[in-house]
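The values are calculated or read from the model by the stated rules, or taken from the named source; none is laboratory data. Since the model is a prediction, treat every value here as computed from it, not as a measurement. Note: ideal-geometry Cβ built from the backbone for every residue, glycine included; neighbour counts use all protein chains shown.
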Amino acid sequence: MRQSRTSYIVCLNFSKVFAECRNKSLLADLAKTSSHILNAERFALHLGTFFVSKYAHISKAFITIEQLRWSRIHISHGGEVSPKEHPHSFVRDGEDKGIVKVEVSRLVLLTFRLTLLWFIV
């Protein structure tokens, strides 16, 4: 137990630790480049597949996505609301909330890929 605690404090095992800021950066990059960003279920699968495929020490990924409704804020000038929308400002639009939970396992992913290759050949 003591050795485990020491290795964490001294960062001997740092390559296997995912800091929150690193996760946020990866998520932002994937969100910008993914073709699945508008579909929460597909994007969750994309994220899970990314983590179990890219990092050898991750064998299973649990992804939870909350999907909320947002609308662009209309620009106002002198108290009058313009039909022009602000390019990067949003406000919540209703109480709708969709929740997607996905579990991606490297073993299942590997089995799926092998099965797919078998059918292609």
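Miscellaneous remarks
- Test: residue in region 46-69 that is at pLDDT below 90, in contact with a Phe, Trp or Tyr (Cβ under 8 Å, 6 or more places away or on another chain) and surrounded by fewer than 13 Cβ atoms within 10 Å (Cβ to Cβ): no
- Count of region 24-56 residues which are farther than 17 Å from Glu66 by Cβ and touching a residue at least 60 places away in the same chain (Cβ under 8 Å): 1
- Some residue of region 65-86 being out of contact with any Leu (no Cβ under 6 Å at 6 or more places or on another chain), among the β-branched types (Val, Ile, Thr) and closer than 30 Å to Leu107 by Cβ: yes
- Of the residues making up region 49-87, those that are under 14 Å from the mean Cα position of the chain (by Cα), of a type in the set (S, T, N, Q) and not in a strand (DSSP E or B) number 1.
- Condition check for Ser82: free of Cβ contacts under 8 Å to residues at least 24 places away in the same chain, closer than 24 Å to Ala44 by Cα and in contact with a strand residue (DSSP E or B) (Cβ under 6 Å, 6 or more places away or on another chain): no
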